[in-house]
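What follows is a short report on a single structure.
Coordinate-derived values only; no laboratory data. Computed from a predicted model, the values in this text were never measured in an experiment. We place every Cβ from the backbone using ideal geometry, glycine too, and count neighbours over all the protein chains shown.
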Amino acid sequence: LMDLPYSGAKGGVQVDPWQLSMGELNRPTRRYTQNIIHLIAPNRDIPAPDMGTNAQTMAWMMDAYGQVNGHSPAIVTGKPVEKGGSLGRESSTGRGVSYLLQEAAKDMDMDLQGARVVVQGFGNVGSWSARLIQQLGCRVIGVSGVDGGVYNAGGLDIARLQDYQKMTGGVTGFTGGEAISNRELLELECEVLVPAAVDNVITTDNVDYIKARLVLEAANHPITPEVDRILSEGGVTILPDILVNAEGVIVSYFEWTQNIQEFHWEEGRVNEELRKVLLRAYQEVRMRAMNEQITHREASFEIGVQRVARSVELRGFL
């Protein structure tokens, strides 16, 4: 969908990283890298971080690979900036959510000044989304973490909430709003809902209580397929996860490009290139959805599958 020279796959080690010391995390990371070293290369397969991993993990993987094949920053992405990582990656998904919100709001004639926004999940994606959305003039009236959420009809002070989360590890107990459950949070009356936590949070059990006009899926698969149809038929615009949370892989591509070129981009360039890639994809999806009278999700899948099929055809496999 983003027209990047990447495919996709998953792999990992079954451990609880929160229960391990740095040394205990370092050793299995290096062993895992050694076990897949015949599969990865800067022009073959490039690992990137996901759940339970971070920039430090990728630095260990890069070093383990380099001990065998020589120093090669392009072997992994999501690295620390000091080790060849890209500026702008940490905020990339939240920044992408704000870019897409601005475009969708224009198409829906939605005034973002004072628009009520609810963000489920206050990790890296959710907190950056809330922070950048608030800068657009929106009122972020509710956010939630693992243990519950916080609500303020007048709008939460996201900067204060981020500081509070850093001190306490969560958002519950924040004095700038009232406590609210995750279920209650999703059912708040708002213009924009951003699920940015786990999958399957909007189901047949709560679909009748969803009041948002626009849903941006910053999490993977937060809406079940049957509910997707119900909401779409009810007039709710849904920007799917395949579009909304692709920013991480886009900036991974930028990082890989910088490593190959041995040239470091300024953060402003990273953000601008991200905006161009993302909005080009959004406009393609919007036009396909409008012309064929299908949902944004169906349009996204069509475009992505057709690109892969065309590539396979050109290579002579079909």
What are the residues whose amide H is under 5 Å from the amide H of residue 139, where those residues sit 5 or more places off or on another chain and H is modelled from the backbone? 114, 115, 116, 117
What does the charge count near residue 199 come to, summing +1 for each Lys or Arg and -1 for each Asp or Glu among other residues with Cβ under 15 Å from its Cβ? -4
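Using square roots of five times the C-alpha gyration tensor eigenvalues, list the equivalent-ellipsoid semi-axes of segment 13-74 in whole Å, biggest first.
20, 12, 10
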Less than 19 Å from a label point 7 Å out along the Cα-to-Cβ axis of residue 39: which backbone N atoms in segment 55-70 qualify, by residue? 57-66, 68-69
Before rounding to the nearest 500, sum -39500 (n - 2.57) across all DSSP H runs of length at least 4 in the chain and divide by the residue total; then give [θ] at 222 nm in deg cm²/dmol. -14500 deg cm²/dmol
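Report the per residue volume, in Å³, of the convex hull enclosing the C-alpha atoms of the chain. Spell out each step's value before the answer.
On the way: hull volume 48.3 nm³, N = 318.
Per-residue hull volume (Cα only) is 152 Å³.
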³J(HN,Hα), Karplus 6.51/-1.76/1.60, whole Hz, each residue of segment 168-183, x for Gly, Pro: 10, x, x, 10, 5, x, 5, 7, x, x, 9, 5, 8, 7, 4, 5
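How big is D, in µm² s⁻¹, for segment 93-167 by Stokes-Einstein at 25 °C and 0.890 mPa s if Rh is the Kirkwood radius over C-alpha pairs? Please report the intermediate quantities before stating the final value.
Details: Rh = 12.4 Å.
My calculation gives 198 µm²/s for D.
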Could you work out the percent of alpha carbon pairs in segment 189-257 separated by over 16 Å, rounded to a whole number? 47 percent
Using alpha carbon centroids, what distance separates segment 93-140 and segment 186-219, in Å? 14 Å
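Return a whole-number percent for the relative contact order of segment 219-318, with Cα pairs under 8 Å and 6 or more residues apart as the contact set.
Numbers: 45 pairs, mean separation 28.0, N = 100.
It comes to 28 percent, rounded to a whole number.
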Residue-wise, which Karplus ³J(HN,Hα) couplings in Hz belong to segment 53-67, taking 6.51 cos²θ - 1.76 cosθ + 1.60, θ = phi - 60°, and x for glycine or proline? 10, 8, 4, 4, 4, 5, 5, 4, 5, 4, 5, 4, 5, x, 5
Nearest 10, in degrees from 0 to 90: the angle of helix 92-107 to the longest Cα principal axis of the chain is 40 degrees
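Computed FRET efficiency, Cβ-Cβ of residue 292 and residue 27, R0 41 Å: what is it to the nearest 0.05?
Working: r = 52 Å, r/R0 = 1.26.
Calculated transfer efficiency: 0.20.
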In the chain, which longest range has no trypsin sites (Lys or Arg not before Pro) that are both DSSP loop (not H, G, I, E or B) and surrounded by at most 13 other Cβ atoms within 10 Å? 45-314
